[in-house]
Amino acid sequence: MDRQIVYPGAIPLETDILNTNKNMMVALSKLAAAIFGTGTIVNGFAVTPTAPASLQINVAPGEIYAMANIDATAYSSLAADTTHSILKQGIALDSQLLTLTAPTTSGYSVNYLIQAAYQDQDANAVALPYYNSTNPTQPWSGSGNNGQAQYTTRKGLAVVSAKAGIAATTGSQATPAPDSGNVGLYVVTVAYGQTQITAGNISQYAAAPFINLPTMAQIQAQTGTAFAAAGTAPAYTLTPSPAIQAYASPQRFNVTFPTAGTTG
């Protein structure tokens, strides 16, 4: 990880702070990419009905990790860097309410895709005090005393939105694909005449890239690798939960049977 070097008595530069911020972001992104890879992944963002139920849904706080330019535009005095891409973290600290609408044609339903994207956004504009060489006791307001506000924060955001599909006869409606730069999270189905969204209307998008790392308690309990079989000999059944996406050697699973088997 790169670190800035400063010296006693040297005049401090704004680039000292800017490069420190940039170096920390790059270092953390490389660590995240070493653990998660470089594909877009998300954490959190649970979608639930409101209480009382309505045609709105709650989207919980969450994070998205996605590849993006180090800086698509100038970062104060530092030039834009579109040559290098890193795995950036976008954060949504607060829950969000999204409003959906029912189709206006009887017998029709519509699928809404709840999607998320990473976005850099400059924020917190302030008219900053500047040094006035003519009268050091009276600082200027804004650069050159122009009084103009300047952004003081470059945020890494997780932007969540609802994308409506095309309403169609109930059962034939299709879920829309995520917009460019977005990943799908959940699907919410709303039917004609519906006034409340319930948990039964909400399902996880099939290709949702949620982080699925086990906790220590799950590791100790062998969650995902230890399963109990059902049925009776010799026709036992096994339904792993969570579902096993793909088998690959040398994966091993522990299975407990309800009754002892027979030999012969």
Residues satisfying the stated conditions in segment 202-234, i.e. open to solvent by 70 Å² or more (accessible area, probe 1.4 Å), at pLDDT 75 or above and more than 23 Å from Gln89 (Cβ to Cβ): Ala206, Ala228, Thr232, Pro234
Qualifying positions in segment 65-100 - touching a strand residue (DSSP E or B) at 6+ places or on another chain (Cβ under 7 Å), polar (S, T, N, Q) and either outside any loop (DSSP other than H, G, I, E, B) or surrounded by fewer than 12 Cβ atoms within 10 Å (Cβ to Cβ) (or both): Asn69, Thr82, Ser85, Gln89, Gln96, Thr99
Restricting segment 101-128 to residues that are surrounded by 14 or more Cβ atoms within 10 Å (Cβ to Cβ) and part of a loop (DSSP other than H, G, I, E, B), the residue that is nearest to the chain's Cα centre (by Cα): Ala102
Flag for Asp71 being under 30 Å from Thr15 (Cβ atoms) and under 24 Å from the mean Cα position of the chain (by Cα): yes
Segment 33-47 residues that are touching a residue at least 12 places away in the same chain (Cβ under 8 Å), paired with ones that are open to solvent by 40 Å² or more (accessible area, probe 1.4 Å) and not acidic (Asp, Glu) (beta carbon under 6 Å, 6 or more apart): Thr38/Met67; Ile41/Ile211; Val42/Phe210; Asn43/Ile211; Gly44/Pro61
Selection count, segment 154-196, where residues are over 30 Å from Gly39 (Cβ atoms), in a loop (DSSP other than H, G, I, E, B) and in contact (Cβ under 8 Å) with a residue 40 or more places away in the chain: 8
Failed item, numbered, when Met1 is tested on (1) open to solvent by less than 90 Å² (accessible area, probe 1.4 Å); (2) in contact (Cβ under 8 Å) with a residue 24 or more places away in the chain: (1)
Filtered residue count, segment 134-153, keeping only those that are open to solvent by 60 Å² or more (accessible area, probe 1.4 Å) and in a strand (DSSP E or B): 4
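The values are calculated or read from the model by the stated rules, or taken from the named source; none is laboratory data. Everything numeric in this text was worked out from a predicted model, so none of it was measured. Neighbour counts run over all protein chains shown; Cβ positions are idealised from the backbone, glycine included. The protein model used for the area step is the full one, side chains on, heavy atoms only, and it has no ligands, DNA or RNA in it. Shrake-Rupley method; radii C 1.70, N 1.55, O 1.52, S 1.80 Å.
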